[in-house]
1. Among the candidates Ser245, Ser249, single out the residue that is away from the ligand (no atom under 14 Å from the Cβ), touching a residue at least 60 places away in the same chain (Cβ under 8 Å) and open to solvent by 40 Å² or more (accessible area, probe 1.4 Å).
2. Could you say whether any residue in segment 30-38 is within 16 Å of the ligand (Cβ to nearest atom), under 18 Å from the mean Cα position of the chain (by Cα) and open to solvent by less than 60 Å² (accessible area, probe 1.4 Å)?
3. Taking segment 151-161 on its own, how many of its residues are within 12 Å of the ligand (Cβ to nearest atom) and part of a loop (DSSP other than H, G, I, E, B)?
4. How many residues, within segment 192-215, are of a type in the set (A, V, I, L, M, F, W, C) and more than 14 Å from the ligand (Cβ to nearest atom)?
5. Within 30 Å of Val88 (Cβ to Cβ) and touching a residue at least 24 places away in the same chain (Cβ under 8 Å): which single residue out of Gly219, Gly237, Gly226, Gly259 fits that description?
6. Name the one entry in Gly99, Gly154 that is more than 16 Å from the chain's Cα centre (by Cα), more than 28 Å from Lys10 (Cα to Cα) and of a type in the set (Gly, Ala, Ser).
7. Does Gly256 satisfy the condition of being surrounded by fewer than 17 Cβ atoms within 10 Å (Cβ to Cβ), within 16 Å of the ligand (Cβ to nearest atom), small (Gly, Ala, Ser) and under 23 Å from Arg139 (Cβ atoms)?
Amino acid sequence: MGSTIIDGRKTREAHVLELVARIKQLSFTPKLAIIQVGNRADSTSYIRAKKLFAARIGVNVSHEQFAETISQDELLRSIKKLNESEDVQGIIVQLPLPGHIERDAVIGSIDPSKDVDALTPTNVDKWMEGKGIMPATARGVRELLAFYKVDLMGKNVTVVGRSDLVGKPIAVMCRNEGATVTVCHSKTVDLVAGTKTADILIVAVGKPGLIKVDHVKNGAVVIDVGISRIGEEQLAGDVDFGPVSLTVSAISPVPGGVGAMTVLAIFENLVDLCAKKL
Ligand code: NAP
């Protein structure tokens, strides 16, 4: 029997009607403000995906793009304006930022009640305890696993990657859902030892082909969060999909896996933030 393909687009479709219904129940049209500094191609394509999805579900998006050379003070002033604007319910600063700008100062300046990415210290403290909204990738992974009836409770989960934006929130989410969690990273001496025992292996690194058949337990569930651009058009995950898919019980592809769910989760977070204002 072949493995189940964990399909992020299909799962997202299953959530869209409910999200649209929740948006219609609001007494206003929500607005998400996206700030971009510079013109990285990957950031531009992630923003395009958010705008397309927003248009489909009836959410307004404003996109302010600043030159790579913008000063930190100027950026902070633009965030302050968005914090104060009654028309804006959600703010995203597209990461990464150029080196001369302190990420923590910029993120920390976002009003936590508009922090759709859940990255401000106030919101991080909350999701660490399983409260409030959580970063979109972690929420997307949770909803993907739930749709495919993969229960985290009591499972051995290994998360490869520990970034503040992706790996760490996913690991915390899994722990909060009752899993026993191992976290591997670039300093892990024996990656195979960390991944091979996992019932559920979640990989968020950004290195195509890092995870091979030898890293994965037979029958495991594998979630590939990594997205790397190969040439102009092609996207690749971190998992050697073809061979690994023959040995696991279920696996998410790239593209068509977690990425679609992350976009959904951003807007679910936005609507959660709006609903608290009703
Ligand atoms: P990041 O900040 O560069 O973090 C990468 C993580 O991988 C770090 O924790 C790093 O360890 C670890 N790592 C690097 N090389 C490794 C190795 N050889 N073995 C084990 N671990 C290794 O990247 P990120 O922002 O977390 O994003 C990770 C990936 O997810 C990227 O491909 C990104 O494009 C993708 N992504 C996907 C979505 C989605 O919706 N699907 C959303 C966001 C990001 P150290 O901490 O020791 O440096």
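The values are calculated or read from the model by the stated rules, or taken from the named source; none is laboratory data. These numbers come from a predicted model, not from an experiment. Here the Cβ positions follow ideal geometry from the backbone for every residue, glycine too, while neighbour counts run over all protein chains shown. What goes into the accessible areas is simple: the full protein's heavy atoms, side chains included, and nothing from ligands, DNA or RNA. Shrake-Rupley method; radii C 1.70, N 1.55, O 1.52, S 1.80 Å.
1. Working: Ser245 fails: open to solvent by 40 Å² or more (accessible area, probe 1.4 Å).
On inspection, the qualifying residue turns out to be Ser249.
2. Taking segment 30-38 as the starting set, the residues that turn out to be within 16 Å of the ligand (Cβ to nearest atom) are 34, 36.
Now restrict to residues that are under 18 Å from the mean Cα position of the chain (by Cα): 34, 36.
With open to solvent by less than 60 Å² (accessible area, probe 1.4 Å) added as a condition, the list becomes 34, 36.
Yes, segment 30-38 has at least one match.
3. Step one: list which residues in segment 151-161 are within 12 Å of the ligand (Cβ to nearest atom), which gives 158-161.
Retained after the next criterion (residues that are part of a loop (DSSP other than H, G, I, E, B)): 161.
So the answer is 1.
4. Kept after step one, since they are of a type in the set (A, V, I, L, M, F, W, C), are these residues of segment 192-215: 192-193, 198, 200-205, 210-211, 213.
Subsequent filtering for residues that are more than 14 Å from the ligand (Cβ to nearest atom) retains 200, 213.
So the count comes out to 2.
5. Details: Gly219 fails: within 30 Å of Val88 (Cβ to Cβ); Gly237 fails: within 30 Å of Val88 (Cβ to Cβ); Gly226 fails: within 30 Å of Val88 (Cβ to Cβ).
Matching residue, one of Gly219, Gly237, Gly226, Gly259: Gly259.
6. Details: Gly154 fails: more than 28 Å from Lys10 (Cα to Cα).
Only one candidate qualifies: Gly99.
7. Values: surrounded by fewer than 17 Cβ atoms within 10 Å (Cβ to Cβ): yes; within 16 Å of the ligand (Cβ to nearest atom): yes; small (Gly, Ala, Ser): yes; under 23 Å from Arg139 (Cβ atoms): yes.
It is true that Gly256 is surrounded by fewer than 17 Cβ atoms within 10 Å (Cβ to Cβ), within 16 Å of the ligand (Cβ to nearest atom), small (Gly, Ala, Ser) and under 23 Å from Arg139 (Cβ atoms).
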